[in-house]
Amino acid sequence: MSEHYFSEKPQSKSSPLQLNYRLRGKTYKFTSDVGVFSKKEIDFGTKLLIEAFTPPGIPGNVLDLGCGYGPIGITTADLLDEREIVMADVNERAIALAKSNAELNGVSNVRFVKSDQFSGLDDQRFAVIITNPPIRAGKKVVHGMFEGSKERLHKGGELWVVIQKKQGAPSAMQKMESLFGNCEIVIRSKGYYILRSIND
């Protein structure tokens, strides 16, 4: 069976790569590696989501669901330093990288959880769930993340998603609309959509 970035225990030989990116007006350093999502660069969709994100109007913590090596969660933690950012991923290598990257960037208001979707998150609820979902895992998994998010958001909480049109943005919008009764296109660029639903 071929290995994916959503594999629990990547077996590929580690080969770390150092990345420097300017995000939200600040320079960040990240260590990436084989066996994790977008190992050679921070992908365009992730950067678009980071730049488009705006703080929620309600108090509460934030979940970066499928955090990978951490660019979304770490930049969000830097932006919302009064909140705890929970960074969750099924991939053990990704979680280890995210931990070291948080330290590398001086971010401390973060907590790391190994979790297959919401399985490791007990009954925690959040003001925001933000995700670049694992498209290659299939629509059932991605839509399951939306369904789980509906259950885990506070009233007034927000789900933020980045997804390409050709990789299922129209069906994602329909699913989010059916779950939340609303789905806003915050921005679209180069075929990528930033979607937000509010848990009214």
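Read-outs: derived from the displayed coordinates by stated rules, not from any lab. These numbers were taken from a predicted model, which means no experiment stands behind them. All Cβ positions, glycine included, derive from the backbone under ideal geometry; neighbour counts span all protein chains shown.
Restricting the stretch 154-200 to trypsin sites (Lys or Arg not before Pro) that sit in a DSSP loop and have at most 15 other Cβ atoms within 10 Å of their own Cβ leaves K190.
Distance between the pseudo-spin-label points of E92 and N182 (7 Å out from Cα toward the beta carbon): 4.2 nm. Fewest-first ordering of S100, S149, S115, S197 by other beta carbons within 10 Å of each residue's beta carbon gives S100, S115, S197, S149.
Most simply put, the stretch 43-198 has about 40% antiparallel DSSP beta bridges, counting only bridges with both residues inside it. Placing a label point 7 Å from the Cα of H154 along the Cα-to-Cβ line, the residues of the stretch 73-114 whose backbone N sits under 15 Å from it are 80-86.
Note on the chain: Rg/Rh from Cα positions, Kirkwood definition for Rh, rounded to two decimals, is 0.93.
For the stretch 58-116, the set of GluC sites (Glu not before Pro) satisfying both a DSSP loop assignment and a count of at most 10 other C-beta atoms within 10 Å is given as E82. The ranking of I95, I163 by Cβ neighbour count inside 10 Å, starting from the fewest, reads I95, I163. What does a probe at L104 reach in the stretch 63-90, counting residues whose amide N is under 12 Å from the point 7 Å along Cα→Cβ? From the stretch 63-90, the list is 69-71.
Per residue, the chain reaches -8500 deg cm²/dmol at 222 nm when only DSSP H runs of four or more residues are counted, each adding -39500 (n - 2.57). The order of V107, V86, V162, going from fewest to most other C-beta atoms within 10 Å of their C-beta, is V107, V86, V162.
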